[in-house]
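Structure, as structure tokens:
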Amino acid sequence: MPSVQGVVKCQGKTIIGIFHINGDPRRVVVEVNPRSQQLFECSNATLTYDDVAQLSGDCNWSGTIGTHDLKMNFGRGLNIVGQITVALQSSTQTAGAGTWQTVEVTLPPTQMNSADETQSDISDARVNLTSNPAKEGENGCCVIQ
């Protein structure tokens, strides 16, 4: 089972995770039910999956937001676990639904026309966190514009 590191953030009623799969950024956006009263981040979360095909489309999950760790189970061998950066006051059993999405990466306009892009130009790229399934390439590959 492959696994990758990423970042997960809870913003109350929503958890967002960003992971790079074979170099392509993917995100999962899920609702939290019941809503988390505590905002948190896992800066080094681990995503474990069986097949890249699991990382697209709608999903359901259940898990625990602990005082020190996060455990999310999406079924079929798909899990996210991580250490919460700043300890929370209480643990919560939670669940919800959401979507796996390809993340579109775009370069700022002044860099898009440059004939001699450097690695630093690419590292300054902005990540557009809007889902754009119409632009997804084969096998869910992201689009770089």
Matching residues in the range 17-35 (under 8 Å from the mean Cα position of the chain (by Cα) and within 15 Å of Thr94 (Cα to Cα)) number 1
Asp51 meets each of (1) touching a residue at least 12 places away in the same chain (Cβ under 8 Å); (2) under 18 Å from Gln101 (Cα atoms) with one exception, condition (1)
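Quick grid of which residues meet (1) of a type in the set (Phe, Trp, Tyr); (2) surrounded by fewer than 13 Cβ atoms within 10 Å (Cβ to Cβ); (3) closer than 14 Å to Ala45 by Cα:
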position	(1), (2), (3)
Lys71	no, no, yes
Arg76	no, yes, no
Leu88	no, no, no
Thr102	no, no, no
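In the set Thr48, Thr14, which member is closer than 13 Å to Thr94 by Cβ and in contact with a strand residue (DSSP E or B) (Cβ under 8 Å, 6 or more places away or on another chain)?
Working: Thr48 fails: closer than 13 Å to Thr94 by Cβ.
The unique qualifying residue is Thr14.
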Among the residues of the range 50-105, the number that are of a type in the set (A, V, I, L, M) and part of a strand (DSSP E or B) is 9
Of (1) of a type outside the set (Phe, Trp, Tyr); (2) under 19 Å from Val7 (Cβ atoms); (3) modelled with pLDDT under 75, Asn132 satisfies every one except (2)
Counting only residues that are under 14 Å from Ile16 (Cα atoms) and in contact with a Leu (Cβ under 9 Å, 6 or more places away or on another chain), the range 53-71 contains a total of 4
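The values are calculated or read from the model by the stated rules, or taken from the named source; none is laboratory data. Bear in mind that the values here come from a model prediction, so they are computed numbers and not experimental data. Neighbour counts are summed over all protein chains in view; Cβ atoms, including those assigned to glycine, are modelled from backbone coordinates with ideal geometry.
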